[in-house]
Amino acid sequence: RFTRDLMPGSSFTPDSKALLTTWGGKIWRVDVAGGNAAEIPFTAQVKLELGPLVKFDTPLDTGDIELRQVRDAALSPDGKRLVMSALDRLYVMDYPGGRPRRLTSDTVHEQHPVWSPDGKSVAYITWGNRGGAIEVVNADGKGAPRRLTSEPAFYQLPAWSPDGARIVALRGP
């Protein structure tokens, strides 16, 4: 996705006959008409000043924190519970006025929670060292999450079918 800055910046030449782009750590000129690519030689002498080493003696992540940003908040079908992602973990709470509690005990990143139409399950996206997956967990947090995908990928925006029989999502490499 362009928001993840995975693709290099490219530009057409003023006459629009070639594209200047990068790959493999080099700069290339690609002819639009024929697709022939020619490396553009490039070297640079760089002297980069670094600032002083910054060290903190204050331990981090040692106590409770007040979350000020939650993501992907979704109200249950009956309007009585809220599921959300905060600090890459799923939380569920009674709505309004409940206290958030972890929905899973996993250590992977958890995002994009969505309620099943009957409100008994929550589907969500995970991300870890081996890639991403779609998982489902009981909305009460009991039982282990079930992985629905076998192929690691970049999943996003899961949605349940109205009858709750299927989950669809966008998938990228």
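The values are calculated or read from the model by the stated rules, or taken from the named source; none is laboratory data. These numbers come from a predicted model, not from an experiment. Backbone-built Cβ (ideal geometry, glycine too); neighbour counts: all protein chains shown. Just the protein is used for accessible areas: all its heavy atoms, side chains included, with ligands, DNA and RNA removed. Shrake-Rupley method; radii C 1.70, N 1.55, O 1.52, S 1.80 Å.
In the range 76-119, counting only strands (runs of 3 or more DSSP E) that sit wholly within it, the ones holding 1 or more residues that are surrounded by 14 or more Cβ atoms within 10 Å (Cβ to Cβ) and aromatic (F, W, Y) span 89-94, 109-115.
Taken as a whole, the structure leaves F42 outside the set of residues that are over 26 Å from the mean Cα position of the chain (by Cα), surrounded by 10 or more Cβ atoms within 10 Å (Cβ to Cβ) and more than 30 Å from G119 (Cα to Cα). Any idea which of L20, L53, L48, L67 is farther than 21 Å from T149 by Cα and part of a strand (DSSP E or B)? Of the residues listed, the single one that is farther than 21 Å from T149 by Cα and part of a strand (DSSP E or B) is L20.
Under the condition of being part of a strand (DSSP E or B), in contact with a Leu (Cβ under 8 Å, 6 or more places away or on another chain) and open to solvent by less than 60 Å² (accessible area, probe 1.4 Å), the residues counted in the range 120-163 number 10.
For beta carbons closer than 9 Å, sequence separation of 6+ or different chains, a first residue in the range 1-28 that is open to solvent by 100 Å² or more (accessible area, probe 1.4 Å) and a second that is part of a loop (DSSP other than H, G, I, E, B) and at pLDDT 90 or above, the qualifying pairs are F12/V32; K17/V32; K17/A33.
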